[in-house]
Amino acid sequence: MTLSMRLRRQLSFWGILLFAVIALALIMPRLPKPALASYYPVSTAVYAKEGELLRLTLAKDQQYRIWLPLSELPAHLRHATLLYEDRWFYRHYGINPIALLRSAWQTYGHGTRLGASTLTMQLARQLYHINSRRVWGKLWQCLAAISLELRYSKDELLAAYLNTAPYGGNISGIGAASLIYFHKPAAQLSVAEALSLAVIPQNPVRRAPKHQLPPALLAARQRLWQRWLSVYPQDRGLAADVLLPLKVYSLADKPFIAPHLTDSLLRHYPQDRHIVSSLQLGVQTAVKQQIDRFIVHQRSSGIRNAAALLVDTDSMQVAALVGSANYGNKSIAGQVNAITAKRSPGSALKPFIYALALDQGLIHPRSLLKDTPTRFGAYNPENFDGRFIGPVSAQEALIRSRNIPALTLAAQLHKPDLYEFLQLSGVSGLRSRDFYGLSLSLGSAEVSMQELAAMYALLANHGVLQALRYRTDDNVPQAKTALLSEAAAFITLDMLSQHARPDSLRPALPPVAWKTGTSWGYKDAWAVGVAGHYVLVVWVGNFDNAGNAAFVGIRSAAPLFFSLLDSLRAQSLLPGLELAFVRPATVTALDVCAASGDLPNPECPALAKTWFIPGKSPIKISTLHRAVYVDDRTGRVVCKAAPHSHKEVYEFWPSDLYPLFKAAGMPRRTPPPLPTCYNASSQSAAVTISAPSALATYSLRISKPSSIALRAETIGETELFWFANKSYLGKRLASETLWWQPKRAGQYQIRAVDALGHADVREISVEILP
């Protein structure tokens, strides 16, 4: 093609272009003006609380693209892009005639291509998928650019270009490029970083970073830097920063942090494209690292999976969430989220039995409870260690996780009992009350980690239940429900904080109110607690329900629990961990007899402090230590001081405790029999039936004969005579159990009588099944 033919072709091009421009000027203002962002599908970005990227999804067109308003893009980024791509952007109307003529002369006169596309033309090519390598394609590109200029402002066009320009591979737009290459939002880009990104769209194949800035990018950035200095000479002081190597990432390094949390957020908010989670990235990283170390160290014990949830109880925002030890490990079903999975909590629910008992006036921390063999109807529970320790304070029973005291208290709770409390706390999927019975107190109902966290946060929040929050940009008001008194919540925390750490055998300082749990069959190990204004829940186990003797709360979950707290404290990541629990005005301190937990009588040898809720906590004068007068000649107890008598103080424990004291190597001196004058002045009943349970119904099977245990407590060791209705059943010492096998169904009055005629009665029902 001769030069003259080329020139005629160009004149034809310009003529058509002029005609089209006039037509567009008349037509375009009348056409609809959809937002430019509506033409492009965008990714969903999930951020940590301070704006760090946790996860970036692909848009529907398989591009990574985040649409940012121009106001969120730094001025130096906008200026760098215009300086490199289109310095006359704000002065032309979509095309630059001078640049087009120069390009045409170079292309058709000298056979070399010279770019002449404005930013608007580049946007038009992208938007309408125009092949601009041919003349008519270029004409269509120019017309499309002019049509955009006639409908949109310059700022709208610049924003659209910056949000859609190619930055290598399937990275589209400055928002995604900034997050992927520099792991920061575009608003935080430095001048050197902005210059580096500004030169990529012109040749993304050669200039896109891959772990480092390629030579082609560095050369282009240096040219742009020289232009920059010619326009902004005052920035010469930044030269050292521009020349320094930049920390740069590749697409393969794209963040994929807290996948269980981001999975959940993406599933719950499918329409949101910008999700700011409550996660604190530094805390999340520290928690994940500690779990990784724990799994490595415990591998020889068969421990391969663990999870942790950390909640700020002030805001109820989740600060860290690790749903499994390894999201990508199929052998442990790593993509299962332990935070929402339902598991048996073991003894981790016991603190709420004691909290309810405090609120219902059944106990205070020093109240004496019994850890003795006890049958609850047909239910005959034992402790985890298979032993019974006899009398134990409520606080010690909770800390040592004794089953019998917890079950005894749970049986006395009402409105709410533990089942109703779990319902009110939002525990989902509960079966009927009868399905669980008293075993509910030992963890037979399944709960999730997030449900358990909400319940322990209730203790930190003065008895008020609130839902967990996973987003900081969620402004929906949260319901608050008071389920416990402030006093009961504080006392429960204080009791739990006396629990010694497993590694030091001393309570943690600053205080940590914590509890462990172990599910039946060693399938789940738990450690849950409150430290300052944070709740930490730790789970160790397998998603396939395989048991492991190592899955014991105190042996596996508790060490991980404290290693997490220690790591967070050492790195000063959560100052709120150091806060102590504050006693409310509704709680007072009281001196009680250390051995009995009751108000001291004159014979009590030692006192102890306990917390007391005025108007609720049970209170009575201690009768454990009693003075008696012994005749020096006969050794028998007499009713009052007399010649040849002396005073002695005895501990009068319930009769069923003496064998336990002896078994524990701490035998107690058995008090002598008392005449009726002492019994009449005593505040304690001389005989109290402890089994069977009052008003209980016992179901016995003909095919599998079984017996009902009859036991009673007396003051000292004495002989008891047992009756069912008017039938004599036999006699036993008070520390012994009489086993009775009824012959027929019906109502029975069970009566125990001592040698002095003191008696107690229980009404029960018996049904005989095939």
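The values are calculated or read from the model by the stated rules, or taken from the named source; none is laboratory data. Quantities reported herein were computed from a predicted structural model and do not represent experimental measurements. Cβ placement follows ideal geometry from the backbone for every residue including glycine, while neighbour counts extend to all protein chains displayed. Keep in mind that these areas ignore ligands, DNA and RNA; they rest on the heavy atoms of the full protein, side chains included. Shrake-Rupley method; radii C 1.70, N 1.55, O 1.52, S 1.80 Å.
Odds and ends about this structure:
- Three-way shape label, segment 132-278, alpha-carbon gyration tensor, a/c 1.5: oblate
- Whichever lysines have a C-alpha closer than 21 Å to that of Lys33, once near sequence neighbours (fewer than 8 apart) are set aside: Lys154
- Whether segment 404-537 is rounded, prolate or oblate, judged on the alpha carbon gyration tensor where a/c under 1.5 counts as rounded: rounded
- Each peptide in 442-449, 327-334 receives the mean, over its residues, of other Cβ atoms within 10 Å, and ordering these scores from highest gives 442-449, 327-334.
- When the inverse distances between all different Cα atoms of segment 242-390 are averaged and flipped, the Kirkwood radius reads 20.0 angstrom.
- Shape parameters for segment 518-573, alpha-carbon atoms, Rg then Dmax in Å: 12.6, 38
- Taking the chain, the Cys residues with no second Cys beta-carbon under 4.7 angstrom are Cys142.
- Under 22 Å from Lys731, Cα to Cα: lysines that are on another chain or at least 8 residues apart: Lys743
- Converting phi to 3J(HN,Hα) with the Karplus coefficients 6.51, -1.76 and 1.60 and the offset θ = phi - 60°, segment 705-715 yields x, 9, 10, 10, 7, 10, 9, 8, 10, 9, 7 Hz in sequence order, with x at every glycine or proline.
- Counted residue by residue at 0.36 nm each, then reduced by the alpha carbon distance between them, the extension gain from Lys247 to Leu579 reaches 115.7 nm.
- Accessible-area composition of the chain, carbon plus sulfur, in percent [1.4 Å probe]: 55
- If you take the alpha carbon atoms of segment 605-677 and fit the smallest convex hull around them, that volume is 161 Å³ per residue.
- When the P(r) is computed for segment 594-638, the part past 13 Å accounts for 63% of the Cα-Cα pairs.
- Solvent-accessible heavy-atom area per residue, rounded to whole Å², over segment 212-318 at 1.4 Å: 50
- Two-decimal Rg to Rh for the chain - Kirkwood Rh, Cα set: 1.21
- Per residue value of the accessible surface for segment 513-557 (all protein chains in place, 1.4 Å probe), Å²: 28
- For q = 0.08, 0.15, 0.20, 0.21 Å⁻¹, Debye-computed log10 I/I(0) when each Cα of segment 321-464 counts as one equal scatterer: -0.25, -0.80, -1.23, -1.31
- Kirkwood Rh (inverse of mean 1/r, distinct Cα pairs), segment 219-272, angstrom: 15.1
- Unsatisfied cross-links (Cα-Cα over 26 Å) in the set Lys480/Lys609; Lys288/Lys523; Lys515/Lys609: Lys480/Lys609
- Under 18 Å of direct C-alpha separation, and excluding same-chain neighbours fewer than eight residues apart, Lys210 reaches these lysines: Lys184, Lys247, Lys254.
- The equivalent ellipsoid of segment 612-753 has semi-axes of 34, 19, 15 Å, largest first, where each one is the square root of 5 times an eigenvalue of the Cα gyration tensor.
- With Rh defined as the Kirkwood radius, the inverse of the mean 1/r over Cα pairs, the Rg/Rh of segment 456-600 is 1.02.
- Using the Cβ-Cβ distance between Arg273 and Arg299 with R0 set to 45 Å, the FRET efficiency from 1/(1 + (r/R0)^6) comes to roughly 0.65.
- If the convex hull is drawn through the Cα atoms of segment 304-352, its volume per residue in Å³: 98
- Summing Cβ point charges (Lys, Arg +1; Asp, Glu -1) relative to the Cα centre of the chain gives a dipole of roughly 3160 debye.
- Segment 184-265 - Kirkwood radius from inverse mean 1/r over Cα pairs (Å): 14.4
- Modelled FRET efficiency - R0 60 Å, Lys210 with Val476, Cβ distances, 0.05 increments: 0.90
- Computed from the C-alpha gyration tensor, the three semi-axes of the ellipsoid equivalent to segment 466-521 are 29, 17, 14 Å, from longest to shortest.
- Packing rank of 407-413, 243-249, where each peptide gets the mean count of other beta carbons within 10 Å, highest leading: 407-413, 243-249
- Legend: calculated FRET efficiency, Asn131 to Ser331, from the Cβ-Cβ distance at R0 = 35 Å, rounded to 0.05, equals 0.10.
- Label point distance in nm, Ser71-Leu229, each placed 7 Å from Cα along Cα→Cβ: 3.6
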